[in-house]
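Worksheet: the structure to be examined is printed underneath.
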Amino acid sequence: MSGESFIRVGEVKHQEIKQPVWLMSFADFAGCLLASFVLLYSLAQTDREKMQNAFGIAPADTEIVAEDGAAKESMAAKDAQEGRDTDYLANLLATKIEGITAFEGVKIEPQLDSVVLDLPMARLTATGGTDERDKDLIFALAGMLANIPNEAALSADLPQDGTGANWTTGMTLANRLAQRLKDGGAPDTLLARTAISGDGAPHVRLVFTREAGE
């Protein structure tokens, strides 16, 4: 037997397996379907800031300004916590009392974590008829409190007298005024408290905190 015949005898012939004609199309479809799910997942996990930068979109808290300095298009988003910013709250209160006769003499004092309305004491203790309702400070304050969600407290601040009598007087006054406000429509969450006056003069203050009530 020649060497060539020996090699030919040792060769193993593999039978060709025929695949169905639709298998290639099915494989393409499965690959596309997988790619679609991968793309959807990647979109769900996309960093919004990186996406905006990639497409040249200005961030939501910036303002696009024209060459002449005027605002061409504002994309500034309103903060959901605006009511917790004391400057915003002070401006809101100033808007509500502006031009209203009942609020004449009321002073707005923004603090670090609250906004204080310094109220004229003489007008708080005065009582008038229903025909003077537009000048009734208690009625106006009750309406304001009913429409502002921030927690509030009525504080009667009296000078220190060394005996504690002013503390009792201040607490009594604060409770009485707070009850009048609640009777006029203010929420039941309105607190009454007293404190020592820092300037030695009596004050009645309505204190709004940054935190919204329930």
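The values are calculated or read from the model by the stated rules, or taken from the named source; none is laboratory data. Keep in mind the model is a prediction, meaning the values are calculated, not measured. For neighbour counting, all protein chains shown are included, and Cβ atoms are generated from backbone atoms with ideal geometry for every residue, glycine included.
Taking the range 150-201, which residues are polar (S, T, N, Q), under 20 Å from LEU117 (Cβ atoms) and more than 29 Å from the chain's Cα centre (by Cα)?
Scanning the range 150-201 gives ASN175, GLN179, THR194, SER197.
Can you tell me which residues in the range 159-211 are surrounded by fewer than 13 Cβ atoms within 10 Å (Cβ to Cβ), of a type in the set (A, V, I, L, M) and under 19 Å from ILE108 (Cβ atoms)?
ALA201
Here is a list: GLY128, GLY105. Which entry is in the same structural domain as VAL207 (by TED's automatic domain parsing), surrounded by fewer than 15 Cβ atoms within 10 Å (Cβ to Cβ) and at pLDDT 85 or above?
Checking each option against the conditions leaves just GLY105.
Looking at the structure I just gave you, is ALA140 surrounded by 19 or more Cβ atoms within 10 Å (Cβ to Cβ), at pLDDT 90 or above and either in the same structural domain as THR95 (by TED's automatic domain parsing) or not hydroxyl-bearing (Ser, Thr, Tyr) (or both)?
No.
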